[in-house]
Every structure is written in structure tokens, then in C-alpha cells.
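Worksheet: the structure to be examined is printed underneath.
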Amino acid sequence: MRFYSRHAKADFDNLEDMYEWADVLILASSLDSIPQQLEELALIASRQPKNAIIFDIATFKRELIGLYKGFPPEVKVASVHPMFGEGVESFNGQLFLVIPVEGREDDAEHIANFLRSLGGRVEFVSAEEHDRAMGFVIGVPYFLGLKYLELSLKNNLDRFGGTSHRFLTTYGRAVLNDSPEFIAEVLERSRGEIEEFIRELGKEPDLEYLLGKVSCEEIKKAYRKFYRVLEP
């Protein structure tokens, strides 16, 4: 494995050198940088077509997926979202979402097989469905964790404690491990889903619905796990 970056010491001086060396190229830059990288790589690949795999792992996909159409057929392309954090020790059983490029669905299957060979599980999803889901499963929790942490710090709530409080403030602090630029990007691109969530806050939780959907066994298991998370 080797790396290319315009902002740090890297193994390659430019994208063309990386393309010539690699069989699999994974773009892990910011969402602002990836479109330019894809356009540059498409030009390079058109001049030097070869059997290779190229995909990004950006958090949001809608603005990127169409840029893959410029690659020659020899290069297999799709967009991928690993649904796990950097702390995993193995890809075994981990979920990868694969977003096919319209008209190049066979490429997505090729990349899915590559991910399966690493031990991953694969689900296919459209860019639109993916981005809406990410707004809810990433954007809304980020917003909730950060706003509760802000509320807690402004009101000195740590002195009152409580396990639910510690759980939420621990999560809020963990979100701050990401860069301010990435957090701002997630919140901005999740604005619609966050606003939908805020509208839901005006309604009482439907406990009857929830208790009908979640089994007693799931509740007890979650309760035990909840306390383990807060163990020192």
C-alpha cells in the first residue's frame, strides 16, 4: 500500500505516477478535493487504459457519482462507503455500501467482489438513497451529540452527572475527534435530514410503537451494553 497527497509527504509526486503503479486506487481525500482528482484520473486513464479498480470513500456521493462516467471500460469504477470506523482490526463481517455508476453496474459487482475478498459484506445502494440515509445516521447523531455537549458545557451540567448525560457528552466529545472542516461538511450536507429530525422533536415519542418493534431481549442487551460503554 502506498499513498499520494498534495498536502503531506507521500510515496508519489503526482496522480499519474500513482495510477501507473497501482492496481487499486482508493480516494480518501476531502469531498472538495475528490471531484478534481476523479477528473484528472479519468484523463490519465483515457490516455493509459489498464485493468484497475478506482473508487472513493467519501461520506456523501451525489456530486461524485457522475464523474466516474469518464473512465475507460478497462478501469472498474464505483463509489464505496465503509460503514465502520478506523478502529476496526479486520474487515471481516464489516459492511461496505457500494454505489454503482449508471450504465456500469458490472463495475460495481467487480468492486463488490474485491471487497468480499477482504472479508467485507456488501450492500448496493443508489447515490440519492445513500446520501439521505447518511444525513440521518451520521448527520443527525453528530448534530445531537454536539448540541447536547454545548448545552451541557454552557450550563455546567457535568456537576449533576447521570449515566444518560455522560453517554451523550462522551459521544459529543468523540465527534470532536473529527476535523472541524469534516464536521461542518457533514452538518451542511445533512441539513435537510437534521431539519426533519428537529420537526420530529415537536412530537411525543410513540412508546407503544417502539415497544412493539423492540423485543424485551433487545432492550435488556442494549441496557447492559449501555453501561459497558461508560466503564472507565
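The values are calculated or read from the model by the stated rules, or taken from the named source; none is laboratory data. Please read all numbers here as calculations on a predicted model, not as lab measurements. Quick reminder, even Gly has a Cβ in these numbers, built from the backbone with ideal geometry, and neighbours come from all protein chains shown.
Scanning the stretch 176-190 for residues that are touching a residue at least 12 places away in the same chain (Cβ under 8 Å) and among the charged types (D, E, K, R) turns up Glu181, Glu185, Arg189. Here the condition is being at pLDDT 95 or above, of a type in the set (Ser, Thr, Tyr) and either under 30 Å from Leu176 (Cα atoms) or within 14 Å of the chain's Cα centre (by Cα) (or both); of Ser90, Ser126, it holds for Ser126 alone. Going by the structure shown, is Leu168 surrounded by 13 or more Cβ atoms within 10 Å (Cβ to Cβ), within 30 Å of Tyr223 (Cβ to Cβ) and out of contact with any Phe, Trp or Tyr (no Cβ under 9 Å at 6 or more places or on another chain)? Taking the combined requirement at face value, the residue does not satisfy it. Selection over the stretch 197-226 of residues that are surrounded by 11 or more Cβ atoms within 10 Å (Cβ to Cβ) and either in contact (Cβ under 8 Å) with a residue 60 or more places away in the chain or not in a helix (DSSP H, G or I) (or both) gives a count of 3. Cβ-Cβ contacts under 7 Å between residues 6 or more apart (or on different chains), taken from a first residue in the stretch 149-166 that is over 24 Å from Arg224 (Cα atoms) to a second residue that is of a type in the set (D, E, K, R) and exposed (fewer than 14 other Cβ atoms within 10 Å of the Cβ), are listed as Ser152/Asp158. Does any residue of the stretch 100-109 turn out to be on the phi > 0 side of the Ramachandran plot and in contact with a strand residue (DSSP E or B) (Cβ under 9 Å, 6 or more places away or on another chain)? No, because not a single residue in the stretch 100-109 is on the phi > 0 side of the Ramachandran plot and in contact with a strand residue (DSSP E or B) (Cβ under 9 Å, 6 or more places away or on another chain). Which count do you get for residues in the stretch 105-148 that are of a type in the set (Ser, Thr, Tyr) and either touching a residue at least 40 places away in the same chain (Cβ under 8 Å) or surrounded by fewer than 14 Cβ atoms within 10 Å (Cβ to Cβ) (or both)? Selection size over the stretch 105-148: 2.
Restricting attention to the stretch 19-32, the residues being in contact with a helix residue (DSSP H, G or I) (Cβ under 9 Å, 6 or more places away or on another chain) and either assigned by TED's automatic domain parsing to the domain that holds Ile183 or not in a loop (DSSP other than H, G, I, E, B) (or both) number 5. Answer with yes or no whether Ser46 is in the same structural domain as Arg121 (by TED's automatic domain parsing), polar (S, T, N, Q) and touching a Pro at 6+ places or on another chain (Cβ under 7 Å). Against the criterion (in the same structural domain as Arg121 (by TED's automatic domain parsing), polar (S, T, N, Q) and touching a Pro at 6+ places or on another chain (Cβ under 7 Å)), Ser46 qualifies. For the stretch 33-69, how many residues are part of a loop (DSSP other than H, G, I, E, B) and over 19 Å from the mean Cα position of the chain (by Cα)? Of the residues in that region, 4 qualify.
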